[in-house]
1. What net charge is computed for the residues neighbouring residue 22, neighbours being all others with C-beta under 13 Å from the C-beta of residue 22, Lys and Arg scored +1, Asp and Glu -1?
2. Highest first, please rank the peptides 37-50, 11-24 by the mean number of other Cβ atoms sitting within 10 Å of their residues.
3. From the list (i) 1.03; (ii) 0.98; (iii) 0.91, can you say which value of Rg/Rh (Cα atoms, Kirkwood Rh) was derived from the structure given?
4. Tally Lys/Arg at +1 and Asp/Glu at -1 over every other residue whose Cβ is under 12 Å from the Cβ of residue 6; what's the total?
5. What is the angle, in °, between the Cα long axis of helix 27-48 and the longest principal axis of the Cα atoms in the chain? Nearest 10 is fine, range 0 to 90.
6. Relative to the longest principal axis of the chain, what angle (0 to 90°, nearest 10) does the C-alpha long axis of helix 12-22 take?
Amino acid sequence: MAAQASIIGTGPNRDFYLKKRAEGCRHVQAVIALARRRVDVRWALLRDNRTFSLEPPSRPT
């Protein structure tokens, strides 16, 4: 439900949804892909003990 609600406003979630739709995914498939992406991001934030920011983290060298 959160993924579906997040596509209403502008932002990275809607952009991802529209990209999936442009790739040929149906609405339900695109929403499921977005939900999975949101879970993956949240898991990475918990795993790395970080807060969310729109800029991706810098990679260690």
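Every number in this text was worked out from the coordinates using simple rules, so none of it is lab data. Keep in mind that this is a model prediction, so the values were computed, not measured. Cβ placement follows ideal geometry from the backbone for every residue including glycine, while neighbour counts extend to all protein chains displayed.
1. With Lys, Arg at +1 and Asp, Glu at -1, the neighbours total +3.
2. 11-24, 37-50
3. Of the labelled values, this structure produces (i).
4. That works out to +2.
5. The helix 27-48 is inclined about 10 degrees to the chain.
6. Once rounded, the angle reads 40 degrees.
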